[in-house]
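The values are calculated or read from the model by the stated rules, or taken from the named source; none is laboratory data. Since the model is a prediction, treat every value here as computed from it, not as a measurement. As a convention, Cβ positions derive from the backbone with ideal geometry for all residues, glycine included, and neighbour counts pool all protein chains shown. Only protein heavy atoms, including side chains, enter the accessible area calculation; ligands, DNA and RNA are left aside. Shrake-Rupley method; radii C 1.70, N 1.55, O 1.52, S 1.80 Å.
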Amino acid sequence: MGNEMTALKSVFAGLQNWLVNTFKLRSLRTKFILSFVALSTIPMVILAIFSYGVYHDILQQNIQSYTSEVIDRVDRNLEIYLSDLERILELRNDYYNLQFIKLSLAGDVEGNRKFTFRLWENLNNIRNYKTELRDVSITTIGGVTIGCYGVTHTDLSQNKLFQTLANRTSKENSIAIWGPHPDWLGGPVFSVGKAIHGDYDNFLGMMSIDVDVELLDRICGNIRLGKTGYIMLVDEDNRIIYHPNPELIGKMIGALLGESSLTDWQQDFTTKMGPGNQLIRVKTFAPANWKIIGLSNRFELATEMQKITGLALTIIVSTILVLTLMAVYFAHLLTNPLKELQQSMRQASEDLNTNAVIHTMDEIGELSETFNQMLARIRQLMNQSVQEQEKMRRTEMRALQEQIKPHFIYNTLDLIIGLLETNKNEDVINTVEALGAFFRTSLSHGQELITIREEVEHVRNYLYIQKIRHGDKYNYVIEVQEQLLNKKTIKLILQPIVENAIYHGVRELETAGGLITIKGFFMEDAKTVCFQVIDNGVGMDPAKMEDINRCLRESGTEQRYFGISNVNERIRLAFGPEYGVELSATPGGGVTVTIKLPVVM
């Protein structure tokens, strides 16, 4: 059971994926249209199929009912006609009839003449009672027959009607029917007769009536079951006694229906499917043991159902088209505000100043209103965040600058003290002047951005002061492109780097000949300013250099390497994390510090 459920779930999942991939059920509009059409169409199709079956059954029942009514009418007409004949046959016990039979059996020809003429006249009068009667006759057990055409001798062994009546008892007083068979003139008739009994219930003969088979044509010929259906009659030997096609009269029923016999068809109504897709309805005509058979062509039923089917399909297709148009219209009404809200959301992902247009006051309108309130709140929080970040950035910048100032003042005062101790007053004056210029640049009237020219002069004054302090231990070179000098940068970014190059690079050399080179240039994209502070000092262990670069990349996590970390942090705060400081080894020995800044006009 579990495996079957798993397989069923897999089938439904596969069907769902097929529907999604085939009809692209990613759009709410498409889902709504398909759902609306499906929910409207499926019940309609089910109703149409159910109605088709019900209508088919009703139509078939109506055909069967109509066929039954027609067969009943044929049965009643035959029964009424036979009742009339039976009343005529009640004259068999007439005085003249009995006297004729007795005298004939006695062989009294002379005594029988006057009865013969009178009887012949009576029989002709009876025949004229109905136009279908071909002959009315009385037959004795001696084979003498008197009819409308005179007195003849009959071979009783060939007369089935006589044999039937002769084999009955006197209590069996019903009529007997024989035929169709040819009469003495060769015309097709069927015979109806009753036995004549004597005073002691002994069988004396019979009175019979020959009826032209055209009577059957008048009763059944004008009846049509549909366009091609008809009524036919079959005797107890399964021989056709009436058919609209005269060529089939007298043939066996199997030649027409493919049945060897009708013994399996019971009395009263039965229904069978015959060859040619025919609906066959049968009823037994008890007095003659005939079968009244009604044949209806099912193709006509199918044709009628095709018309109904065509009409139903036209209605269904038209209804589906109307429903589809309605679904598209309502889907547009329902999803268009959602699409506008979706478009507003996409625009809001790029521009938070977007607002959704509200068209309705339903749930979608409330959703749009809520979205607008959310955007307004986001804008408010973003403005608040920007102001707070700006305030924090300025505070941190000032704090970093304040960290640099005491550091440099300490080193410079240390230098001046050294010069005073050696009575180098001229150098003291020059140093103090350089220091004053240095502090003017540091202060810069409280501005955060200064020109690169001012930054270069600032580091030049610093190097002058340090050169006086350290003597001929090292030298320095400044190479900055002229195009850079009027661009702007944050202040105090070169001096801490140069300071590190002095104290951790060239000053550690055992001999003189140290060199610090400061370069400034545009990078290839002309959108980035690059400074390099290159020294040929003792260099740095690669592991330590990698550790410093890691700390610079992970700005804000640690506060080691005080000077260079402060410069890197200020650059990243001012311009973003894509700018900053990076260390690399100088070919031949030493360290190269690269500073990347944006071009600021």
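Got at least one residue in the range 534-544 being assigned to a helix (DSSP H, G or I) and of a type outside the set (D, E, K, R)? Spell out the reasoning first.
Let us first name the residues in the range 534-544 that are assigned to a helix (DSSP H, G or I), namely 542-544.
Cutting the leftovers down to of a type outside the set (D, E, K, R) gives us 542-543.
The answer is yes; a qualifying residue exists.
Determine which member of the set L248, L262 is modelled with pLDDT under 80 and surrounded by 13 or more Cβ atoms within 10 Å (Cβ to Cβ).
Details: L248 fails: modelled with pLDDT under 80.
Just one listed residue meets the conditions, L262.
Going through the range 112-126 one residue at a time, which ones are farther than 22 Å from S191 by Cβ, exposed (fewer than 14 other Cβ atoms within 10 Å of the Cβ) and either of a type outside the set (D, E, K, R) or in contact (Cβ under 8 Å) with a residue 60 or more places away in the chain (or both)?
Passing the criteria: only F117.
Based on what the data block shows, is L443 modelled with pLDDT under 75 and surrounded by 17 or more Cβ atoms within 10 Å (Cβ to Cβ)?
Taking the combined requirement at face value, the residue does not satisfy it.
Among the residues of the range 480-520, what is the count of those that are within 23 Å of P587 (Cα to Cα) and without any contact (Cβ under 8 Å) to a residue 12 or more places away in the chain?
3
As an exercise: evaluate K227 against (1) open to solvent by 20 Å² or more (accessible area, probe 1.4 Å); (2) under 26 Å from T131 (Cβ atoms); (3) touching a residue at least 24 places away in the same chain (Cβ under 8 Å) and give the number of the one condition it does not meet.
(2)
Output the number of the condition that A356 fails; it satisfies all remaining conditions of (1) modelled with pLDDT of 75 or more; (2) farther than 25 Å from S40 by Cβ; (3) surrounded by 13 or more Cβ atoms within 10 Å (Cβ to Cβ).
(1)
Return only the number of the condition from (1) part of a helix (DSSP H, G or I); (2) of a type in the set (S, T, N, Q); (3) crowded, with 21+ Cβ neighbours inside 10 Å that Q483 does not satisfy.
(3)
Does S208 satisfy the criteria of being of a type in the set (S, T, Y), touching a Phe, Trp or Tyr at 6+ places or on another chain (Cβ under 6 Å), surrounded by 15 or more Cβ atoms within 10 Å (Cβ to Cβ) and outside any loop (DSSP other than H, G, I, E, B)? Quick ask: steps written out before the conclusion?
Numbers: of a type in the set (S, T, Y): yes; touching a Phe, Trp or Tyr at 6+ places or on another chain (Cβ under 6 Å): no; surrounded by 15 or more Cβ atoms within 10 Å (Cβ to Cβ): yes; outside any loop (DSSP other than H, G, I, E, B): yes.
No, not satisfied.
Just one of the numbered conditions (1) at pLDDT 70 or above; (2) open to solvent by 50 Å² or more (accessible area, probe 1.4 Å); (3) within 13 Å of the chain's Cα centre (by Cα); (4) not small (G, A, S) is not true of D57; which one?
Result: D57 fails condition (3) only.
Taking the residues in the range 127-171 that are under 17 Å from L82 (Cα atoms) and outside any strand (DSSP E or B) as candidates, determine which candidate is most open to solvent (accessible area, probe 1.4 Å).
Of the range 127-171, the ones under 17 Å from L82 (Cα atoms) are 127-137, 161, 165.
After this cut, where a residue has to be outside any strand (DSSP E or B) as well, the list is 127-132, 161, 165.
On the way: R127: 52, N128: 111, Y129: 144, K130: 37, T131: 127, E132: 26, L161: 3, L165: 2 Å².
Among those residues, the one meeting the criterion is Y129.
Show the residue pairs meeting these rules: Cβ distance below 6 Å; 6+ apart or different chains; first residue within the range 583-598 and under 9 Å from N536 (Cα atoms) and assigned to a loop (DSSP other than H, G, I, E, B); second residue among the aliphatic types (A, V, I, L, M) and open to solvent by 20 Å² or more (accessible area, probe 1.4 Å).
T586/I534
I need a count of the residues in the range 448-460 that are free of Cβ contacts under 8 Å to residues at least 40 places away in the same chain and surrounded by fewer than 21 Cβ atoms within 10 Å (Cβ to Cβ).
Going through the range 448-460 one residue at a time, the tally reaches 5.
Among the residues of the range 566-582, write down those that are assigned to a loop (DSSP other than H, G, I, E, B) and either among the small types (G, A, S) or over 20 Å from F521 (Cα atoms) (or both). Steps first, answer last, please.
Initially, the range 566-582 is screened for residues assigned to a loop (DSSP other than H, G, I, E, B), giving 576-579.
The answer is G576, P577.
Name the residues in the range 486-507 that are open to solvent by 60 Å² or more (accessible area, probe 1.4 Å), basic (K, R) and within 22 Å of Y561 (Cβ to Cβ), would you?
Going residue by residue through the range 486-507, those that are open to solvent by 60 Å² or more (accessible area, probe 1.4 Å) are 486, 488, 504, 507.
Cutting the leftovers down to basic (K, R) gives us 488, 507.
Hit for the range 486-507 is R507, nothing else.
Enumerate the pairs (first residue in the range 77-89 and touching a residue at least 40 places away in the same chain (Cβ under 8 Å) and part of a helix (DSSP H, G or I); second residue anywhere and charged (D, E, K, R) and open to solvent by less than 20 Å² (accessible area, probe 1.4 Å)) with beta-carbon separation below 9 Å, excluding pairs fewer than 6 apart on the same chain, so at least 6 apart or on different chains.
E86/K194; L89/K194
Return yes or no: is T67 open to solvent by less than 40 Å² (accessible area, probe 1.4 Å), at pLDDT 75 or above and under 30 Å from H332 (Cα atoms)? If you could, list the steps in order and put the result at the bottom.
On the way: open to solvent by less than 40 Å² (accessible area, probe 1.4 Å): yes; at pLDDT 75 or above: yes; under 30 Å from H332 (Cα atoms): no.
Answer is no for this residue.
Checking the conditions here, which among L89, L98 is over 60 Å from the mean Cα position of the chain (by Cα), farther than 19 Å from A176 by Cβ and surrounded by 14 or more Cβ atoms within 10 Å (Cβ to Cβ)? Walk me through it before giving the result.
Working: L89 fails: farther than 19 Å from A176 by Cβ.
On inspection, the qualifying residue turns out to be L98.
Give T511, T528, T586 a once-over and let me know the one that is open to solvent by 50 Å² or more (accessible area, probe 1.4 Å) and among the β-branched types (V, I, T).
Values: T528 fails: open to solvent by 50 Å² or more (accessible area, probe 1.4 Å); T586 fails: open to solvent by 50 Å² or more (accessible area, probe 1.4 Å).
Exactly one of T511, T528, T586 is open to solvent by 50 Å² or more (accessible area, probe 1.4 Å) and among the β-branched types (V, I, T), namely T511.
Select, from Y464, Y474, the only residue that is of a type in the set (S, T, Y) and either on the phi > 0 side of the Ramachandran plot or open to solvent by 60 Å² or more (accessible area, probe 1.4 Å) (or both).
Numbers: Y474 fails: either on the phi > 0 side of the Ramachandran plot or open to solvent by 60 Å² or more (accessible area, probe 1.4 Å) (or both).
On inspection, the qualifying residue turns out to be Y464.
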